[in-house]
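Chemist: Have a look at the structure that comes next, please.
The values are calculated or read from the model by the stated rules, or taken from the named source; none is laboratory data. This one's a predicted model, so the numbers in the text were calculated from it and none came from an experiment. Cβ: placed from backbone, ideal geometry, glycine included. Neighbour counts: every protein chain shown. Each accessible area value is taken on the protein alone, full model and side chains, heavy atoms only, with ligands, DNA and RNA left out. Shrake-Rupley method; radii C 1.70, N 1.55, O 1.52, S 1.80 Å.
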Amino acid sequence: MTFFDNTAMQNHESIHKFHDPRTGLRAIIAIHSTALGPAAGGCRRWIYEDEAAATRDALRLSRGMTFKNAMAGLPLGGGKAVIMADSNEAITEEGLLAFGRFVESLGGRYITAEDVGMSVGSMHVLKKVTDYVAGLSPEEGSAGGDPSPWTADGVFLGIKAAVKHRLGVESLADMRVAVQGVGKVGYDLCRQLHEAGAGLVISDVNRQNLERAQADFGAEAVPVEQILSADVDIVSPCAMGAILNAQSIPNIRASIIAGAANNQLATEADGQRVFDRNILYAPDYVINSGGITSVSLEYEGGKTEADVRAHIALVPGRLTDIYVASDDKQLPTNVIADAMAEQIVADATL
Ligand code: NAD
């Protein structure tokens, strides 16, 4: 895989690999597109098998951010950072500062925020050495802070739009939803679904998170390998990617898949598989754009929580446009969404 092989690189503008000899920190920042604005996307800290796996993840996620930001109508391009962790131990302040200096060295072509393995606290450390960071604690009422509750808000609205489109009902009161992963986004989503009267089936590899959601929302817990095939109306993947694949799709009993996880389809062909089974799939990067919307408005400055809420209220309409086009053209929703996003980026490049 060479950089100028654009099949593997998916037309990325640049990829930056950093090593800090003092702390041993290894990080990759992939910039897919700056057509719509500076490339923005969170920083993921993860234990990768090797550099190739970390590079693949950075490229995949950063391209997804271009599509996500375009479809959310944000003035941002797509980028993503990954930090190659050596262990599950928390990153040191020195490590974070080294990463912050890497971000700063790109002069604003890339804006970072939190993703898996990073926190609001991590962003405050980065802020000591770079201004190209968002996801910081906001002043009362201002946009900003942990993006997760905003992501959950968008997913909740997106589930309602899917239910209305596919099942023709406004209320979630008689719905059963299987939520895979009840971490930051999944837990908040369960709260909203529970308040709306939906029945919940959940799974999580983390016992503490599982028991918390069970206790707080009376959710039924099932083993992790049973969640996608649960007897429910909606499956909401809120854990990891690539869970919709040739093995899992034939066993799904729900008629709607709508959740927060990034890159839910293992391959493009899996979008077709879902479509062929007549399951309505909410394209992940459209339904989960609430968090980056908060990040974007925080970075812009002078924006309030009400501004973020108003922006996220547009998510269901965008999804419905995709569903209608998918029905009309008889094409999978992921294909429709990709074409729409590519068109937005192409128009900005003219
Ligand atoms: P998180 O780490 O807080 O929660 C993920 C949960 O999934 C954890 O409780 C974890 O134990 C659980 N999990 C992991 N593997 C699992 C498995 N095999 N089966 C069941 N549960 C499993 O992360 P989060 O911030 O809630 O994000 C959830 C997903 O949504 C991720 O894919 C993330 O990339 C995506 N996402 C998050 C945001 C955000 O604002 N946090 C925005 C966009 C997309």
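Chemist: Quick one: which residue in 246, 254 is among the aliphatic types (A, V, I, L, M) and surrounded by fewer than 19 Cβ atoms within 10 Å (Cβ to Cβ)?
Modeler: Residue meeting the stated conditions: 246.
Chemist: A follow-up question, please. With respect to residue 234, determine if the residue is out of contact with any Phe, Trp or Tyr (no Cβ under 6 Å at 6 or more places or on another chain), more than 9 Å from the ligand (Cβ to nearest atom) and open to solvent by less than 10 Å² (accessible area, probe 1.4 Å).
Modeler: Criteria met by residue 234.
Chemist: Between a residue in segment 168-191 that is part of a strand (DSSP E or B) and any residue that is near the ligand (Cβ under 6 Å from one of its atoms), which pairs come within a Cβ distance under 7 Å, given they are 6 or more apart or on different chains?
Modeler: Pairs found: 179/186; 179/238; 180/203; 180/238; 180/239.
Chemist: Oh, and also: Read through the list (1) modelled with pLDDT of 95 or more; (2) open to solvent by 30 Å² or more (accessible area, probe 1.4 Å); (3) in contact with a Lys or Arg (Cβ under 7 Å, 6 or more places away or on another chain); (4) within 30 Å of residue 322 (Cβ to Cβ), then give the number of the only condition that residue 19 fails.
Modeler: With (1) modelled with pLDDT of 95 or more; (2) open to solvent by 30 Å² or more (accessible area, probe 1.4 Å); (3) in contact with a Lys or Arg (Cβ under 7 Å, 6 or more places away or on another chain); (4) within 30 Å of residue 322 (Cβ to Cβ) applied to residue 19, the lone miss is (4).
Chemist: Does any residue of segment 169-178 turn out to be more than 15 Å from the chain's Cα centre (by Cα), modelled with pLDDT of 95 or more and within 16 Å of the ligand (Cβ to nearest atom)?
Modeler: Yes; the residues of segment 169-178 include at least one that is more than 15 Å from the chain's Cα centre (by Cα), modelled with pLDDT of 95 or more and within 16 Å of the ligand (Cβ to nearest atom).
Chemist: Separate question: From the list 211, 220, which residue is within 12 Å of the ligand (Cβ to nearest atom) and free of Cβ contacts under 8 Å to residues at least 40 places away in the same chain?
Modeler: Exactly one of 211, 220 is within 12 Å of the ligand (Cβ to nearest atom) and free of Cβ contacts under 8 Å to residues at least 40 places away in the same chain, namely 211.
Chemist: Sticking with this structure for a sec: Looking at 280, 244, 228, can you tell me which residue is away from the ligand (no atom under 14 Å from the Cβ) and not polar (S, T, N, Q)?
Modeler: Step by step, each of 280, 244, 228 is checked, and only 280 is away from the ligand (no atom under 14 Å from the Cβ) and not polar (S, T, N, Q).
Chemist: How about segment 257-282: which of its residues are open to solvent by 50 Å² or more (accessible area, probe 1.4 Å) and in contact (Cβ under 8 Å) with a residue 60 or more places away in the chain?
Modeler: If the condition is that a residue be open to solvent by 50 Å² or more (accessible area, probe 1.4 Å) and in contact (Cβ under 8 Å) with a residue 60 or more places away in the chain, then 268, 272 are the ones that fit.
Chemist: Let me ask you something else. Take segment 12-46 and flag every residue that is in contact with a strand residue (DSSP E or B) (Cβ under 7 Å, 6 or more places away or on another chain) and among the basic types (Lys, Arg).
Modeler: Within segment 12-46, 17, 26, 44, 45 meet the criteria.
Chemist: Then there's this: Out of 341, 337, I need the residue that is open to solvent by less than 70 Å² (accessible area, probe 1.4 Å), under 22 Å from residue 245 (Cα atoms) and modelled with pLDDT of 95 or more. Which one?
Modeler: 337
Chemist: Given 205, 169, 235, which one is in contact with a strand residue (DSSP E or B) (Cβ under 9 Å, 6 or more places away or on another chain) and of a type outside the set (Gly, Ala, Ser)?
Modeler: Result of the check over 205, 169, 235: 235.
Chemist: For the condition over 23 Å from residue 36 (Cβ atoms), away from the ligand (no atom under 15 Å from the Cβ) and part of a helix (DSSP H, G or I), what is the one hit in 347, 328?
Modeler: Of the residues listed, the single one that is over 23 Å from residue 36 (Cβ atoms), away from the ligand (no atom under 15 Å from the Cβ) and part of a helix (DSSP H, G or I) is 328.
Chemist: How do the pairs read when you match residues in segment 46-63 that are open to solvent by 70 Å² or more (accessible area, probe 1.4 Å) with residues anywhere that are in a strand (DSSP E or B), using Cβ under 6 Å and keeping only pairs 6 or more apart or on different chains?
Modeler: Qualifying pairs under 6 Å: 63/32.
Chemist: Looking only at segment 283-313, count every residue that is open to solvent by 20 Å² or more (accessible area, probe 1.4 Å) and near the ligand (Cβ under 9 Å from one of its atoms) and tell me the total.
Modeler: Selection size over segment 283-313: 1.
Chemist: Tell me which of these residue 263 doesn't satisfy, since it passes every other one: (1) within 15 Å of the ligand (Cβ to nearest atom); (2) in contact with a His (Cβ under 9 Å, 6 or more places away or on another chain).
Modeler: That leaves (2) as the condition not met.
Chemist: Which of the residues that make up segment 117-163 are away from the ligand (no atom under 14 Å from the Cβ), without any contact (Cβ under 8 Å) to a residue 60 or more places away in the chain and not acidic (Asp, Glu)?
Modeler: If the condition is that a residue be away from the ligand (no atom under 14 Å from the Cβ), without any contact (Cβ under 8 Å) to a residue 60 or more places away in the chain and not acidic (Asp, Glu), then 121, 124, 125, 126, 127, 128, 129, 130, 133, 137 are the ones that fit.
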